Amino acid sequence: MSSVPSARVASAGAGPVDEASTDADRAAGEAPADGLDALPRTHARRLREVYRSAGWPVRDAIEIDLLAAGLLERVAAPAGGAETLRLTDAGIALLARSLRRNRAAFDAHEALVERVVLEMQRAGRIAWRGLSLRARVHAGWVVARPDVYSLRHTTVEAYLAPLVHEVKVRRSDLLADLRLAAKRGAYLQTAAACSYVLAEGIAEPEEVPPECGVMMARRVGDGWGALECLRPAPQRALRLPFIAWMALARATPAALPIDDAQGLLGDGRQGDAAAAGVDVGAPSGEPFLQPMTEPAEPCLRPTDAPGEAPGADAAPGL
């Protein structure tokens, strides 16, 4: 039985391996595993499929790679039966490392989501995690589910300024997300501005489309420190349609931490931010946005009309 190869597995059926994934994993606090980073996702997915199934062979290039690498082995069937496949000890060990790494990435992602929620709450906003909103993009409907969705806590509808924050702690996840133009269009249909919150080191601001802002988060111990604005998100006027209000009514906003409840009554947020070396901006509490020319009743350009967004067809509502 051969060990997990140190060389990269190449196959006609597999796409190129992301060379920056290892750096991204380190940025997210994950240690790369021997053999795991050398294995394309298509191959790792096939290993999981074989493990969960009866082991029927597909007989393609990916299967040849896994057999040659010693991650799969053929099992001779009894007389008259069909040959099957099963994972070797090396294949099972590799899947176990993959599971641990995925759990670590999930924990890092959720911790950063919580940090963004906290920053929005400290800015005087109401925040939701994983809110589902429907948006019409290019004559079709898309379900937008941003990591963090927030509204300014106000009694004036024109001041709501809904924001979307999409959190990424791994480069591979970011690159996959950036290929989904319809998803990004849905975000811009449901918010006045959209920003990507990236773990330090996984990407440069120029890699994110200009219609979105970019923020960076640095590791501080086992958690995440204050967010740094690398590029402000262009803000446009947006009036929430009725369908969005219904989605908000069915959802539950994130609870404000007890430790921060009293801090919002005074200038504690400003003091904490100054101590951390972070500029929190104007007292209005609007984070990381390019200012609108007339906050009360903005003069809307045709491309800034409610219900429109870059890459989306004009629609009266969602």
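Every number here is computed from the coordinates shown, using simple stated rules; none is lab data. Note that the coordinates shown come from a computational prediction; the quantities given were computed from them, not determined experimentally. Counting neighbours? That spans all protein chains shown, and the Cβs are built from the backbone with ideal geometry, glycine included.
Counting neighbouring beta carbons within 10 Å and listing from fewest to most, the residues Trp224, Trp245, Trp128 come out as Trp245, Trp128, Trp224. Going from the fewest other Cβ atoms within 10 Å to the most, the residues Thr155, Thr190 appear in the order Thr155, Thr190. For Ile202, Ile92, the sequence from fewest to most other C-beta atoms within 10 Å is Ile92, Ile202. Here region 69-212 carries DSSP beta bridges of which approximately 75% are antiparallel, counting only pairs with both residues inside.
When peptides 108-116, 41-49 are sorted by average Cβ neighbour count within 10 Å, with the highest value leading, the order is 108-116, 41-49.
Here region 187-216 is scanned for amide nitrogen atoms under 17 Å from the site 7 Å beyond the Cα of Arg239 along Cα-to-Cβ, giving 189-192.
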